[in-house]
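Heads up: the structure comes next, in structure tokens.
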Amino acid sequence: MADRSGFDEFVATRSPALLRTAYLLTGDHGLAEDLLQTALAKCWFAWGRIDGPPEPYVRRALATTYATWWRRRWRGERPTGQLPDRGDPAATSHVDDRDALWRALGALPRRQRAVVVLRYYEDLSEAETASALGISTGTVKSQAAKALAALRRDADLAGTMGGGQ
């Protein structure tokens, strides 16, 4: 049996970073976990043969496994002469609105985004928000006002969730 000493320690210490890489490849948390597990299983068998630091080897295994999954999925599609029925756009408009809101929040400066998240998503008072961020209540008010003004000006949010009024 090949020498696999250090594999458990490597997995324990590097899994969060490798999972982040897998997520960036797949764009889905569940698929990222599956991808990392599959790549680590492949690496476990080759562990004794890895010469040098193992992380580049494992990252390459992640990438090649992902590419294999992509090619396999692509071959599974079959062209058809008839297009499927289109869904009702109104049924999914809330998803588009939510995506536009998250993109707009991501464009805000960090402090403004933190104020908006704590104040409106977590439903904290101005004083609680100020305490959580270590800033004054006045700063919370001014940052919230600036953030909301920026969100109101965002072209992607115009006409959704009260924007553009």
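Here is how the numbers come out for the structure above:
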| item | result |
| --- | --- |
| Gln82-Glu55 pseudo-label distance in nm [points 7 Å out on the Cα-to-Cβ vector] | 5.4 |
| Positive-end extreme of charge dipole, the chain - chosen from Ala46, Phe10, Thr139 (charges on Cβ) | Ala46 |
| Difference of contour (0.36 nm per residue) and Cα-Cα distance, Ala107 to Asp28 | 26.3 nm |
| Sequence of Phe10, Phe45 once ranked by neighbouring C-beta atoms within 10 Å, starting from the fewest | Phe45, Phe10 |
| Label-point gap, in nm, between Ser93 and Thr139 - each point 7 angstrom along Cα→Cβ | 4.0 |
| Computed magnitude of the charge dipole of the chain (debye, nearest 20; Cβ of K, R +1, Cβ of D, E -1) | 540 |
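Values in this text are rule-based calculations from the coordinates and carry no lab data. In this text the structure is predicted, and so the values were computed from the model without any measurement. Here the Cβ is made from the backbone with ideal geometry for all residues, glycine too, and neighbour counts use every protein chain on show.
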